[in-house]
Amino acid sequence: MTNPISKEAILQALSQVQEPDLGQDLVTLNMVKDIEINGEDVLFTLMLTTPACPFRAKLERDSKEAVMKIEGVKSVSVKMDSDVPNDGRMRGLVNTPIRNAIAIGSGKGGVGKSTVSVNIAVALAQSGARVGLMDADIYGPNTPTMLGVEKLPPPQGPRLIPAEAYGVKMISMGMLVKPGQPLIWRGPMLNSAIRQFLSDVEWGELDYLIIDLPPGTGDASLSLAQALPLSGAVIVTLPQLVSLEDAGRGLNMFKTLEVPILGIIENMSYLELPDGTHMDIFGTGGGEHLAQLTNTSFLGKIPIDQNVRIGGDTGKPIVISHPNSEVALALREIAEGLAAKVSVAALGGKNDIPINIVE
């Protein structure tokens, strides 16, 4: 007669499965929940630290294989769920919990920072995360166009309700002023606007708040870092030397403000030609070189694709309009790596831990 399957045997089997980013086994990390044994059938839940986990499929596969080795087990069902950890920072201006706040910046304009911010936010929302996008580029707010949003919902009392597109909650000065109206503001007015985006907007509980910063190292970036404790910052650059020099200044600004640097993204890395070869329009390898020089994680390369521009103009981010394109796959992989890195940091790891991208 076969011995009955026990929860202890299941936990013992799953203690042999490692979470690659966190470097510990699933049982030690308390990721195994709700074990059920129905005769020869085993069911349990794996509680990931982010729904955008880059190792989601691997962990599900490895868990099933480990439990199937137990004598008497005929089938294994794994439910994948997630609980995004809070980075532990106090955000007094925000009335509802924002578990992680990630600023995306650059040292100069024209590098596609807003495009990257929008697509990362949408990719995280597609994975099942609760995501907000704050357009802190007060002078050049263009995320409403990129997300196809024209106006905010009616306010609830004194509080603004963020617009929503593709599962992302979004606020932008572009929806609060008349089209084409220039904002000729000095530092104190910028500071006030950014604080209002935090304190007067009904964000609800968020797993990630993505902040699209204006280019450069001016008042808006300083005000944000002072008003909202950040989980970390991401620097977007082009491969060319001039862009790298500016990106380095942006990176050093965050270090001076004691904001952790989560990594560097190289945008417009290359153009794929019809014959499959790559044309390096803006040079090559610059982002990786900057990451090495500054001992910073390199989060990935994003190639050039005209559909990125078309999607931005028509309000359909490329992860929506062309989800299987090389650009969309690169952006989704970057979003997953960034989410994993934030989870590592929130659970007590170091911000300079490299993230292993799934091949």
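Tell me, yes or no, whether the range 104-113 has at least one residue that is open to solvent by less than 10 Å² (accessible area, probe 1.4 Å), closer than 25 Å to residue 237 by Cβ and aliphatic (A, V, I, L, M). Please lay out each step first, then the result.
Residues of the range 104-113 open to solvent by less than 10 Å² (accessible area, probe 1.4 Å): 104-106, 111.
After this cut, where a residue has to be closer than 25 Å to residue 237 by Cβ as well, the list is 104-106, 111.
Cutting the leftovers down to aliphatic (A, V, I, L, M) gives us 104, 111.
Within the range 104-113, one or more residues are open to solvent by less than 10 Å² (accessible area, probe 1.4 Å), closer than 25 Å to residue 237 by Cβ and aliphatic (A, V, I, L, M).
Got a sec? Which of 85, 54 is part of a loop (DSSP other than H, G, I, E, B) and surrounded by 19 or more Cβ atoms within 10 Å (Cβ to Cβ)?
Working: 85 fails: surrounded by 19 or more Cβ atoms within 10 Å (Cβ to Cβ).
Unique residue meeting the criteria: 54.
For residue 331, the criteria (1) in a helix (DSSP H, G or I); (2) buried (at least 19 other Cβ atoms within 10 Å of the Cβ); (3) at pLDDT below 95 hold in every case but one, which is (3).
Applying the selection to the range 229-282, what residues are part of a loop (DSSP other than H, G, I, E, B), open to solvent by 70 Å² or more (accessible area, probe 1.4 Å) and not charged (D, E, K, R)? Spell out the reasoning first.
Residues of the range 229-282 part of a loop (DSSP other than H, G, I, E, B): 229-231, 238-240, 257-260, 267-270, 273-277, 280-282.
When the remaining residues are screened for being open to solvent by 70 Å² or more (accessible area, probe 1.4 Å), the result is 258, 274-275, 280-281.
Across the range 229-282, the qualifying residues are 274, 281.
All of (1) modelled with pLDDT of 90 or more; (2) open to solvent by 30 Å² or more (accessible area, probe 1.4 Å) hold for residue 2 with one exception: (1). When you scan the range 129-142, do you find a residue that is part of a loop (DSSP other than H, G, I, E, B) and closer than 19 Å to residue 333 by Cβ, even just one? Yes; the residues of the range 129-142 include at least one that is part of a loop (DSSP other than H, G, I, E, B) and closer than 19 Å to residue 333 by Cβ.
Each row is one residue, and each column tells you yes or no for (1) assigned to a helix (DSSP H, G or I); (2) of a type outside the set (Asp, Glu).
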| site | (1), (2) |
| --- | --- |
| 8 | yes, no |
| 11 | yes, yes |
| 16 | no, yes |
| 21 | no, no |
| 30 | no, yes |
| 35 | no, yes |
| 42 | no, yes |
| 45 | no, yes |
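So which residues in the range 138-147 are at pLDDT 85 or above and surrounded by fewer than 16 Cβ atoms within 10 Å (Cβ to Cβ), if there are any at all? None; the set is empty. So, residue 313, is that one open to solvent by 20 Å² or more (accessible area, probe 1.4 Å), closer than 24 Å to residue 124 by Cβ, of a type outside the set (A, V, I, L, M) and touching a residue at least 40 places away in the same chain (Cβ under 8 Å) or not? Yes: the conditions hold for residue 313.
Do we have residue 40 as in contact with a Gly (Cβ under 9 Å, 6 or more places away or on another chain), at pLDDT 90 or above, farther than 24 Å from residue 341 by Cβ and surrounded by fewer than 16 Cβ atoms within 10 Å (Cβ to Cβ) here? Taking the combined requirement at face value, the residue satisfies it.
Assess whether residue 300 counts as being open to solvent by less than 20 Å² (accessible area, probe 1.4 Å), modelled with pLDDT under 95 and part of a helix (DSSP H, G or I).
Numbers: open to solvent by less than 20 Å² (accessible area, probe 1.4 Å): yes; modelled with pLDDT under 95: yes; part of a helix (DSSP H, G or I): no.
Judged against the criteria, residue 300 is not a match.
Got at least one residue in the range 216-225 being modelled with pLDDT of 80 or more and outside any helix (DSSP H, G or I)? Spell out the reasoning first.
Going residue by residue through the range 216-225, those that are modelled with pLDDT of 80 or more are none.
So far as the range 216-225 goes, no, none of its residues is modelled with pLDDT of 80 or more and outside any helix (DSSP H, G or I).
Look at (1) assigned to a strand (DSSP E or B); (2) closer than 30 Å to residue 121 by Cβ and you find that residue 91 fails only one, number (1).
The requirement of being open to solvent by less than 10 Å² (accessible area, probe 1.4 Å), assigned to a helix (DSSP H, G or I) and at pLDDT below 90 is satisfied by residue 287.
The values are calculated or read from the model by the stated rules, or taken from the named source; none is laboratory data. Please read these numbers as outputs of a predicted model, since none were measured by experiment. Every residue, glycine as well, gets a Cβ built from its backbone with ideal geometry; the counts of neighbours run over all protein chains shown. Surface accessibility is based on the protein's heavy atoms, side chains included, excluding ligands, DNA and RNA. Shrake-Rupley method; radii C 1.70, N 1.55, O 1.52, S 1.80 Å.
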